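Below: the structure, in structure tokens.
The values are calculated or read from the model by the stated rules, or taken from the named source; none is laboratory data. Given the structure is predicted, the values throughout are model-derived calculations rather than measurements. Glycine also receives a Cβ, built like all others from the backbone with ideal geometry; neighbour counts cover every protein chain displayed.
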């Protein structure tokens, strides 16, 4: 049951933040993995996700996924501050574990 405790948030501000972070991180990844010495203009983006674990991809997840959880929970009238804080914290831990697991998979693959 949703309870109005007098506090609210603006989902469009959060969605703008998600969009800005996504554009900045994807643009940075595009520039970082672009091969400037290769003159083939058909291959502008040469990022291969399975090549190495990408720390910045996980940072982008950590900055955007908790806000997405708040937006979705608010859509279903879940606005309890304690529950939202717990869900956001758990999502942050899952993102960190995801990066660590990706590093371990890379180590196993190299062995």
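Worth pointing out:
- The set of residues in the stretch 72-105 being loosely packed, with under 15 Cβ neighbours inside 10 Å, part of a helix (DSSP H, G or I) and modelled with pLDDT under 85 consists of 75, 81.
- The condition of being under 29 Å from residue 109 (Cα atoms), modelled with pLDDT of 75 or more, part of a helix (DSSP H, G or I) and within 17 Å of the chain's Cα centre (by Cα) holds for residue 60.
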